[in-house]
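These notes concern the structure reproduced below.
Values in this text are rule-based calculations from the coordinates and carry no lab data. The model shown is predicted, which means the values in this text are computed figures rather than measured ones. Cβ placement follows ideal geometry from the backbone for every residue including glycine, while neighbour counts extend to all protein chains displayed.
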């Protein structure tokens, strides 16, 4: 729905809910329900990690393998990508296609930096012999952090898809709805990451 | 159609995308970002600088700060309030939080007691 059509419908009162508005509303609620179900997946992984976090099986401890300055940098990447995603949403509300695409691209780059740093951390740990098969702690660590990283990777693929769609069709109603779903997903991943850096990394090295 | 939605968001000027969609403002995002940065820097500082010199107190503080930061993200980035989607968002969230708390706290509690009763020699917290 564009500004022009909103002005037109304001002149002709409609006493019914149009199909478009109804579909839009239920999409965002439905996507929220999906995010809540995804939260339950992460809750199960957090519970598993919480139970197994000291089961080192004679292998490396959390304090020995976890790199806190590295995860601080990673946290900064994801937090910055969260605010730039917010800027993209604000530009979308103002219907600035160019700046929306710009902030989405910045969001994607910070997200890619996050995934890159995480993969580097994983590769370093596996090279040191601290792979997921070493101990229950490391299995739980790679499952929890890896699931989050997979979500971010899929989010980047989704982001690129949306950028192509916005680039070709513009900020039409459907694309605006998709971008709002993406924004919820991206902020949700940052919320999960708060739990990861607090519980896995900071409590791990204490 | 739009009059109802306008009534629920009287302060918002932009209704071009969707009247009932969650709205952000530059001020809201920047407030959330500053709070999130502060709430991220404090726990990293506590752990990296070993400021309190007390592992239990630091752990509790890190978890409290994480919960506060999650609430900040929910309000300022996810624009969650009791009015969005007619309250169904909040209802789903409350249900999910209950499930998450039962799952995590229940698992830790049950497994702690299993360890206490079955593997006293392997306890890290205290001898059985």
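Shape descriptor for the stretch A:146-206: Rg over Rh equals 1.16 (Cα atoms; Rh from the Kirkwood inverse mean 1/r). Every helix of 4 or more DSSP H residues in chain A counts as -39500 (n - 2.57), and over all residues that averages to -27500 deg cm²/dmol at 222 nm. When only Cα pairs below 8 angstrom with a gap of at least 6 residues are kept, chain A shows a relative contact order of 32 percent. Taking a point 7 Å from the Cα of residue A:160 along the Cα-to-Cβ direction, the residues of the stretch A:83-117 with backbone N closer than 18 Å to it are A:101-117.
Taking 10 °C and 1.306 mPa s as conditions, the stretch B:72-115 diffuses translationally at an estimated 131 µm²/s according to Stokes-Einstein applied to its Kirkwood radius (Cα pairs). The modelled label-to-label distance between residue B:71 and residue B:52, using points 7 Å beyond Cα along the C-beta direction, is 1.8 nm. Overall dimensions of the stretch A:87-206, expressed as equivalent-ellipsoid semi-axes from the Cα gyration tensor (√(5λ), whole Å, largest first), are 34, 14, 11.
First check a/c for the stretch A:31-167, with a ≥ b ≥ c the square roots of the eigenvalues of its C-alpha gyration tensor; if it is under 1.5, answer rounded, and if not, answer prolate when a/b is larger than b/c or oblate otherwise. Could you put the intermediate results ahead of the total?
Working: a/c = 2.94, a/b = 2.02, b/c = 1.45.
Cα axes put the stretch A:31-167 in the prolate bin.
Taking a ≥ b ≥ c as the square roots of the eigenvalues of the Cα gyration tensor of the stretch A:24-80, is the shape rounded (a/c under 1.5), prolate (a/b larger than b/c) or oblate? Because a/c hits 1.5 or more and a/b fails to exceed b/c, the stretch A:24-80 counts as oblate.
Once a ≥ b ≥ c are taken as the square roots of the eigenvalues of the Cα gyration tensor of the stretch B:40-84, is the result rounded (a/c under 1.5), prolate (a/b larger than b/c) or oblate (a/b not larger than b/c)? Can you show the working numbers first?
Working: a/c = 6.77, a/b = 2.86, b/c = 2.37.
Cα axes put the stretch B:40-84 in the prolate bin.
Between the stretch A:34-53 and the stretch A:133-193, the alpha-carbon centres lie 17 Å apart.
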